Structures are given as structure tokens and as C-alpha cells.
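Trainee: Mind looking over this structure? Questions follow.
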Amino acid sequence: QVQLVESGGGLVQPGGSLRLSCAASGFTFSLYAMGWYRQAPGKQRELVATITLGGSTNYTNSVKGRFTISRDNAKNTVSLQMNSLKPEDTAVYYCNAARAYYAYWGQGTQVTVSS
């Protein structure tokens, strides 16, 4: 069955860094666009970053220059390097795989940015 398993979340001080990883299985990873979304308490889930099959990336404005999304098709993983973290980055981060009418989600990993 399809699985997306996130890891790497945690508590970090403002200005710190975290690296999230998502391990995918149960589908042909290289055929799917991959993305990271986040949902803060009381807010809607929002797009953070996406990466296409060919490696083109897109970021929401608030994370441009601070976050970097990457994928490894050989290992079926997608990562999100997060630098210069801010308290407003606090949220549950979700991994997403999308292709045509199909979309899969991970269970999420908590990122808390606080001093």
C-alpha cells in the first residue's frame, strides 16, 4: 500500500535549522510531483514547496530563500531543508505526492519554533 512517512520534526529555536525527510513506498515515486504542506493551529493547510518530476521547484513566498526542497528518485525520498526558522513556521508539516487525479499524504510531523 501507499505510504509516505515523514521524519525530522522537532523543537528548534528561532534562527535554527531542521531537515524534514519523507520516505515513499507503494507507488512509482519518479512519476509523481512531490510537495510539502503545513498546517498551523486554527489555520488551513497551505503549500510550502513543491518539486516536479524534472526537479523544478516552487516555494510559497514566506519561505523563499530559507527553505530548500529536494528529491532522490533512487531512494524514493523527498526532503525539506529549513533554515532561519521563525516562530510563524510552527506547524504540522505534511508530505504530499501528486499525479493527475491521484494525491497521497503522510501523517505529518510537528515543527515547533520557539525560544
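The values are calculated or read from the model by the stated rules, or taken from the named source; none is laboratory data. Since the structure is predicted, the reported quantities are computational estimates derived from the model, not experimental observations. FYI the Cβ positions are ideal-geometry reconstructions off the backbone, even for glycines, and counts take in every protein chain you see. Keep in mind that these areas ignore ligands, DNA and RNA; they rest on the heavy atoms of the full protein, side chains included. Shrake-Rupley method; radii C 1.70, N 1.55, O 1.52, S 1.80 Å.
Trainee: Roughly how many Å² of R45 are accessible to a 1.4 Å probe, to the nearest 10?
Mentor: 90
Trainee: How far, in nm, would the chain grow between A98 and K64 when pulled straight, counting 0.36 nm per residue and subtracting the alpha carbon separation?
Mentor: 10.1 nm
Trainee: Using a 1.4 angstrom probe on heavy atoms only, work out the carbon and sulfur share of the accessible area of the chain in %.
Mentor: Carbon and sulfur: 48 percent of the exposed surface of the chain.
Trainee: Please state the shape class of segment 7-61: rounded when a/c is under 1.5, otherwise prolate if a/b exceeds b/c and oblate if not, all from the C-alpha gyration tensor.
Mentor: Prolate is the answer for segment 7-61, as a/c is 1.5 or above and a/b outweighs b/c.
Trainee: Suppose every K and R has +1 on its Cβ and every D and E has -1 on its Cβ; what is the size of the dipole of the chain about the Cα centre, in Debye to the nearest 20?
Mentor: 120
Trainee: If you don't mind, there's one more thing I want to ask. Which of the listed residues, S21, A49, G108, is farthest toward the dipole's positive end in the chain, when Lys, Arg count +1 and Asp, Glu count -1 at the beta-carbon?
Mentor: Highest projection toward the positive end goes to A49.
Trainee: A further question follows. Using a/c under 1.5 as the rounded threshold, could you call segment 51-99 rounded, prolate or oblate? The axes a ≥ b ≥ c are square roots of the C-alpha gyration tensor eigenvalues, and prolate needs a/b larger than b/c, oblate otherwise.
Mentor: In terms of gyration-tensor shape, prolate.
Trainee: Run the numbers on the chain and let me know its relative contact order in percent, using alpha-carbon pairs under 8 Å that are six or more apart.
Mentor: Answer for the chain is 36 percent.
Trainee: Along the charge dipole of segment 56-112, pointing to its positive end and built from +1/-1 on Cβ of Lys, Arg, Asp and Glu, which listed residue (N83, I69, Y93) has its Cα farthest out?
Mentor: I69
Trainee: Another question, then. Rounded, prolate or oblate: which fits the chain when a ≥ b ≥ c are the square roots of the eigenvalues of the alpha-carbon gyration tensor, with rounded for a/c under 1.5 and prolate only if a/b beats b/c?
Mentor: Because a/c hits 1.5 or more and a/b exceeds b/c, the chain counts as prolate.
Trainee: What accessible area per residue, rounded to a whole number of Å², is obtained for the chain using a probe radius of 1.4 Å?
Mentor: 53
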